[in-house]
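What follows is calculated from the coordinates using simple rules that are stated; it is not laboratory data. Because the structure is predicted, anything quoted here is derived from the model rather than measured. Neighbour counts are summed over all protein chains in view; Cβ atoms, including those assigned to glycine, are modelled from backbone coordinates with ideal geometry.
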């Protein structure tokens with residue numbers, strides 16, 4: 001690593017003599033990129049009022065000057081002295097700024113002293129071991145509930161200058177996610193584990209539009225205290241991607257439900273439910289739990305709406321983005337996102353749509369209040385979701401709900417939570433009979449596809465789905481499992 005670091009230092013000494021924007025970004029179009037990219041990146045950041053910010057790899061201060069106007073104090077760090085001096089010259093008139101010339105791997109910051117860490121094009125220069133150590137340090141520097149934002153080039157260099165050294169690794173998005181979320185430290189005072197949970201992961205649209213480069217990725221993560229959950233995974237996101245929604249598992253669902261779909265009824269129920277929304281061209285739709293995007297493509301192509309799809313499963317969003325590239329629909333965008341932590345300005349959307357997703361979320365009332373805030377006056381809400389019958393439940397159903405980590409309510413109780421969140425004209429419909437009919441049709445379809453399915457996947461995959469549907473039918477016919485459809489207005 002010493003040789004790599006020495007080569008990197010020598011490269012930057014040679015290519016940063018004038019400390020210009022072009023040199024720092026390694027791109028001849030740096031001015032135009034910055035003009036378009038800055039507002040996009042800044043819009044992803046949380047509220048920094050009264051926050052202490054640590055900016056790692058600050059360069060000449062492209063972001064420093066904006067962070068200084070938002071935060072209580074900013075510590076801007078870079079390992080190139082002339083970049084630090086340029087930043088100091090341009091932004092040193094701010095009384096809330098500190099400038100440090102340092103190698104981030106050797107940086108010493110007091111524990112629990114920072115609210116927000118910002119890093120742009122830095123982590124790709126660190127080895128896996130260095131990144132792991134830095135992540136553990138950042139967990140210590142951040143206060144409880146603090147955030148880490150970072151942006152990296154994944155499998156793709158960021159600029160158009162020829163580099164004379166190689167960063168340790170152009171990692172994939174998944175590798176960055178795993179490296180950051182796998183790091184953890186022990187809080188000796190509380191005896192709990194501290195780690196990072198994903199709030200958001202998304203592409204930088206400026207680079208897609210200007211350079212046809214979809215590999216510029218941003219993450220926003222929250223420092224949380226936790227214990228190893230019942231699934232044996234550090235985070236719920238890891239449980240989804242490694243257990244419930246593996247890539248193979250998603251694709252086998254799609255084979256059964258139809259291209260682009262992984263939920264009950266596929267395109268048929270999607271068309272039926274979307275038609276209830278009376279969508280108009282140009283409206284903005286938020287899809288919470290978008291899966292692999294079939295419903296979003298349908299809404300955009302049929303009604304001319306703009307759609308943002310959120311899903312906590314990285315595997316789901318990866319496949320959705322692959323489908324989006326084939327569909328060539330710029331009006332549909334996707335991001336890995338936790339809807340319980342993601343923030344949007346008030347009145348951002350005309351419609352919020354969610355299919356069989358909120359069953360995973362414990363505090364449904366808090367989420368519905370967020371939805372209410374994000375909707376414009378007159379905005380519409382449509383949710384389908386797993387529900388339950390009145391207790392007591394059968395022991396097998398109790399075990400099923402516990403194993404999946406579901407939090408279920410009766411359709412009537414579910415509707416009351418939507419009303420409490422402020423919505424009006426709430427319709428809470430028990431659609432269990434429809435659910436049963438749809439599953440019976442899908443089961444017949446699966447049996448016809450059996451040989452083809454086994455050739456494409458495996459016999460084990462086939463029986464896993466067939467038996468799963470039979471168990472759903474049994475749970476639904478017994479009255480334990482219900483399916484609800486909910487519509488409301490702001």
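Here r is the Cβ-Cβ distance between residue 102 and residue 28 and R0 is 30 Å; the resulting FRET efficiency, rounded to 0.05, is 0.55. Compared with the dominant Cα axis of the chain, that is its longest principal axis, helix 459-477 is turned about 60°.
Would you work out if segment 2-227 is rounded, prolate or oblate? Take a ≥ b ≥ c from the square roots of the eigenvalues of the alpha-carbon gyration tensor; rounded if a/c is under 1.5, else prolate when a/b is larger than b/c, oblate otherwise. Rounded, since a/c falls under 1.5. For the pair residue 416 and residue 445, label points projected 7 Å from Cα toward Cβ lie 3.6 nm apart.
Taking the C-alpha atoms only, the angle from helix 247-257 to the longest principal axis of the chain is near 40 degrees. Here 349, 303 are placed in order of increasing Cβ neighbour count within 10 Å, fewest first, which gives 303, 349. Taking Cα atoms only, the orientation of helix 81-91 departs from the longest principal axis of the chain by about 80 degrees. Among 290, 154, a tally of other beta-carbon atoms within 10 Å of each Cβ gives an order, fewest to most, of 154, 290. Using just the helices of the chain, give the 222 nm mean residue ellipticity in deg cm²/dmol: DSSP H runs with n ≥ 4 each add -39,500 (n - 2.57), and the total is spread over all residues, rounded to 500. Value at 222 nm, helices only: -12500 deg cm²/dmol.
Return the inverse of the average 1/r over all pairs of distinct C-alpha atoms in the chain, which is the Kirkwood hydrodynamic radius, in Å to one decimal. Kirkwood radius, the chain: 24.4 Å. In this simple spin-label model, placing a label point 7 Å from the Cα along the Cα-to-Cβ direction at both residue 469 and residue 363 gives a separation of 3.9 nm. Note on residue 129/residue 70: beta-carbon distance plugged into 1/(1 + (r/R0)^6) with R0 of 35 Å gives a FRET efficiency of 0.60. Applying 0.36 nm per residue to the separation of residue 179 and residue 322 and subtracting their alpha-carbon distance, the gain on full extension is 49.2 nm. Residues within the reach of a label modelled at residue 272 (point 7 angstrom out along Cα to beta-carbon, backbone nitrogen below 18 Å), restricted to segment 353-371, are 354-357.
For segment 237-489, dividing the convex hull volume of the Cα atoms by the residue count gives 117 Å³ per residue.
In terms of surrounding Cβ atoms within a 10 Å radius of their Cβ, 448, 472 rank from fewest to most as 448, 472. The length gained on full extension between residue 251 and residue 407, counted as 0.36 nm times the residue separation minus their Cα-Cα distance, comes to 53.6 nm.
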